[in-house]
Structure formats: structure tokens, C-alpha cells
1. In the range 1-44, what residues are free of Cβ contacts under 8 Å to residues at least 60 places away in the same chain and among the hydrophobic types (A, V, I, L, M, F, W, C)?
2. So, restricting to strands (runs of 3 or more DSSP E) that lie completely within the range 10-122, which ones have at least 1 residues that are buried (at least 16 other Cβ atoms within 10 Å of the Cβ)?
3. Output the number of the condition that LEU129 fails; it satisfies all remaining conditions of (1) surrounded by fewer than 21 Cβ atoms within 10 Å (Cβ to Cβ); (2) within 13 Å of the chain's Cα centre (by Cα); (3) of a type outside the set (Val, Ile, Thr).
Amino acid sequence: MMIHRAYLGLGSNLGHLQENLKQAIAALARVGEVRRVSGFYETEPLGVQDQPRFLNAVVLLETSLDPRSLLKELKKIEREQGRAAGGPRWGPRVLDLDVLSFDDLILAEQDLIIPHPEMERRRFVLEPLSEIAPGWVHPVSQKSVEVLLQECPEQKRFRLRGRDA
């Protein structure tokens, strides 16, 4: 059985944000082994501005699932935690789980693009990713996460002190 390394982005801006992320991390044990978890970052919303701030994190998951099966399981976890189907793009949500990268795979399908097509422009992804994977290299641009962070447009962000605050 082959074990894959997937970096996942987690976000929440409805309900009890820290608890939402903690429950999502616990639920990921069904699909693999969570090896690393970043701190939780409070961030301004993108797109739809008239909504609460988000709490974001990145995890490293080791899994035997293929990318499509992993995505299916992530969507299932989102639904179980109360994410309504068909909400507005970039709107408020209890939980958002994204596949940021999967090994060194480059994949472009209608509903699954790996690496995540927006990650290079999102500080709320790059900051926590650099925390848990400082040597990570983007498989398309071949830029390190540190370089991507330097090139990323500045966005307001606040790092929370631990996950139990």
C-alpha cells in the first residue's frame, strides 16, 4: 500500500471556529494519519467581505487514498460538520477543507486541481504551510514556500497562540 503526503487547508468562520477545526482534524484520522498541524491563523475574508473573519490552518496528512477519494472524504467531513451544499462561493462556512498539494502531483480536472490554484496568492495558506513544511516546494513553479511567502501580496493576518486559546 502506497502512502501519500497531502497538505490540506482548513478554514472556518461560522460557529465555534477553533472547535470546528479541531473536530475536522480529529475526523481526518478516518482517512489517514495527521502528522503535523500548524497554528491557527485568524484572517480577513477574501471575496465576500461582509462576513466574519476566518480561522485557518494547514495539516500534513499521510493517506493511502488517491486524490479523488481523498476529496470525496473531505467533502463528507464538511457536510458532517454542517457545511451547507450550494452556498455562495467564498461565502461564510462552518468548515472548508482543501487539498493544497498531494505528493508532487500536478493534476487539472474540472473539480480537482492540484496543487491548489490559489495557494500562491493566499498568505493564510502559505504562513501555516511554511510553519509545518519549511522546505516544501511548489511542484509547478518550483518555488519554495519561503519564496512564495516573500512574493505574496501582504494581507492582514493574526496568529493565535496555540490551538487551545
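All of the numbers you see were taken from the coordinates with simple rules; none came from a lab. What you see is a predicted model, and the numbers here were worked out from it, not measured in a lab. Glycine gets a Cβ as well: all are built from the backbone with ideal geometry, and neighbour counts include every protein chain shown.
1. Hits for the range 1-44 are LEU17, ILE25, ALA26, ALA27, LEU28, ALA29, VAL31, VAL34.
2. Values: elements: 33-37, 41-43, 54-63, 96-102, 107-109, 112-114.
Counting at least 1 such residues, we get 33-37, 41-43, 54-63, 96-102, 112-114.
3. (1)
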